[in-house]
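Below: the structure, in structure tokens.
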Amino acid sequence: MVTKKKTIPESTRPRRAGAGIAGATETTDTVALFDPVERAPAYTKVSSAIEHKILSRALRDGDVLPAELELAQQFRVHRSTVREALRQLESAGLVARPPGAKRMIVSRPEAAKVASGMRHALVLHEVSFVDVWEAMMVIEPEVAALAAARRTQADLVALTQTSEAFRDSPEGDPDAVNIVATFFEQLGAASRNQVLVLAKQSLAQALAPSLARMIDTVPQARARITDAQKRIIVAVRDKNADEARKWMSKHVRDFKRGYEVAGISPDTPISV
């Protein structure tokens, strides 16, 4: 009996690398499509697990974490692994160790820390002054309007004291820019909107270095800043949201004019 040899259909035959691709040459070497999977260090897994508990609010601000040894037992890792994980979380502002305490507690990242990280991101992305200015034109007038509607007497006192501190600061005072930034921060606090507070603080920090170049270079810059702050305070005092919004818009527009007079190009990347 003659046995016929079975023919494997073309569509089911295994292909060599490059077979069936126009212009490709057949070779025994294959090009890897994927990189090897990297195993995350144990401390990052521990850090992520604790972070998840914090962000899901299973652990809340002020809660005391278990001791390092207990955490090591729960995660079944070395104590040094837990220590490194806690160090990572502490750097992110999610946990803190109160003075004299042996155990970590859950904490909230401070607004200044969040703003600093955002400012670094803006610098690394080569954001220009005009980018920051446009964002301020959107955010700051609305913050001023909300502050006028929601301010307390304490807010009003703080704004007045800060404005007077800027007015009385001598020419060339390196702290003048910080005082201007404080005025913006206090308006943000008076708005009672945490999202706006976090968003605007990074913008103020990003603007500070170039603002320092402009304040004592442009004639009348100090006088115009002082006048704008005074008018904004009056609007906030009177709870006049429209007037606060109008004067803050003028105030931020003045910054751009000041930069132009100082010869600072709007396309100049911001710096630290």
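The values are calculated or read from the model by the stated rules, or taken from the named source; none is laboratory data. Here the structure is a predicted model, which is why all the values come from computation and not from measurement. Note that we place each Cβ from the backbone using ideal geometry, even for glycine, and neighbour counts take in every protein chain shown.
Just to be sure, is Glu243 within 22 Å of Leu122 (Cα to Cα) and either touching a residue at least 60 places away in the same chain (Cβ under 8 Å) or out of contact with any strand residue (DSSP E or B) (no Cβ under 9 Å at 6 or more places or on another chain) (or both)? Talk me through it step by step, then tell me what you get.
Details: within 22 Å of Leu122 (Cα to Cα): no; either touching a residue at least 60 places away in the same chain (Cβ under 8 Å) or out of contact with any strand residue (DSSP E or B) (no Cβ under 9 Å at 6 or more places or on another chain) (or both): yes.
Answer is no for this residue.
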Exercise for review: Identify, by number, the condition in (1) in contact (Cβ under 8 Å) with a residue 60 or more places away in the chain; (2) closer than 14 Å to Gln229 by Cβ; (3) surrounded by fewer than 16 Cβ atoms within 10 Å (Cβ to Cβ) that Ala149 doesn't meet.
Suggested key: (2)
Review point. What are the residue pairs meeting all of these: first residue in segment 60-88, first residue without any contact (Cβ under 8 Å) to a residue 12 or more places away in the chain, second residue surrounded by 15 or more Cβ atoms within 10 Å (Cβ to Cβ) and among the hydroxyl-bearing types (Ser, Thr, Tyr), Cβ atoms under 9 Å, and 6 or more apart or on different chains?
Key: Ala72/Thr81; Ser80/Tyr43; Arg87/Tyr43; Arg87/Ser47
**Study point:** Number of the exception - Val157 against (1) in the same structural domain as Gln229 (by TED's automatic domain parsing); (2) touching a residue at least 40 places away in the same chain (Cβ under 8 Å); (3) not polar (S, T, N, Q)
**Key:** (2)
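Can you tell me which residue is nearest to the chain's Cα centre (by Cα) among those in segment 169-187 that are free of Cβ contacts under 8 Å to residues at least 24 places away in the same chain and more than 16 Å from His251 (Cα to Cα)? Explain how you work it out, then say what you get.
Taking segment 169-187 as the starting set, the residues that turn out to be free of Cβ contacts under 8 Å to residues at least 24 places away in the same chain are 169-170, 173, 175, 179, 182, 185.
Still in the running and more than 16 Å from His251 (Cα to Cα): 169-170, 173, 175.
Working: Ser169: 30, Pro170: 32, Asp173: 28, Asp175: 23 Å.
Filtering first and then ranking leaves Asp175.
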Exercise for review: Scan (1) surrounded by fewer than 21 Cβ atoms within 10 Å (Cβ to Cβ); (2) at pLDDT 85 or above; (3) over 18 Å from Met137 (Cα atoms); (4) within 27 Å of the chain's Cα centre (by Cα) for the single condition Val234 breaks and write down its number.
Suggested key: (4)
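So which of Val197, Val218 ends up being in the same structural domain as Ala145 (by TED's automatic domain parsing), part of a loop (DSSP other than H, G, I, E, B) and surrounded by 15 or more Cβ atoms within 10 Å (Cβ to Cβ)? Spell out how you get there, then give the answer.
Working: Val197 fails: part of a loop (DSSP other than H, G, I, E, B).
Going through Val197, Val218 in turn, just one is in the same structural domain as Ala145 (by TED's automatic domain parsing), part of a loop (DSSP other than H, G, I, E, B) and surrounded by 15 or more Cβ atoms within 10 Å (Cβ to Cβ): Val218.
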Check your understanding: Is it the case that some residue within segment 128-139 is surrounded by fewer than 17 Cβ atoms within 10 Å (Cβ to Cβ), out of contact with any Phe, Trp or Tyr (no Cβ under 9 Å at 6 or more places or on another chain) and farther than 20 Å from Arg253 by Cα?
Key -> no
Study note, to complete from the structure: Here the residues within segment 169-218 that are acidic (Asp, Glu) and either at pLDDT below 85 or more than 24 Å from Arg245 (Cβ to Cβ) (or both) are Glu171, Asp173, Asp175, Asp216
Review point. What number goes with the only condition from (1) over 15 Å from the mean Cα position of the chain (by Cα); (2) closer than 20 Å to Lys200 by Cβ that Ala96 does not pass?
Key: (2)
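One line per residue, one yes/no per condition, for (1) of a type in the set (A, V, I, L, M, F, W, C); (2) in contact with an Asp or Glu (Cβ under 8 Å, 6 or more places away or on another chain); (3) surrounded by 11 or more Cβ atoms within 10 Å (Cβ to Cβ); (4) at pLDDT below 95:
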{"residue": "Lys4", "(1), (2), (3), (4)": "no, no, no, yes"}
{"residue": "Glu10", "(1), (2), (3), (4)": "no, no, no, yes"}
{"residue": "Ala22", "(1), (2), (3), (4)": "yes, no, no, yes"}
{"residue": "Asp29", "(1), (2), (3), (4)": "no, no, no, yes"}
{"residue": "Leu65", "(1), (2), (3), (4)": "yes, no, yes, no"}
Check your understanding: When only residues in segment 99-122 that are exposed (fewer than 15 other Cβ atoms within 10 Å of the Cβ) and among the aliphatic types (A, V, I, L, M) count, which is farthest from the chain's Cα centre (by Cα)?
Key -> Ala101
Exercise for review: Show the residue pairs that are 6+ apart or on different chains and have beta-carbon atoms under 8 Å apart, the first residue being within segment 114-134 and outside the structural domain of Arg257 (by TED's automatic domain parsing) and modelled with pLDDT of 90 or more, the second being surrounded by 15 or more Cβ atoms within 10 Å (Cβ to Cβ) and of a type in the set (D, E, K, R).
Suggested key: none
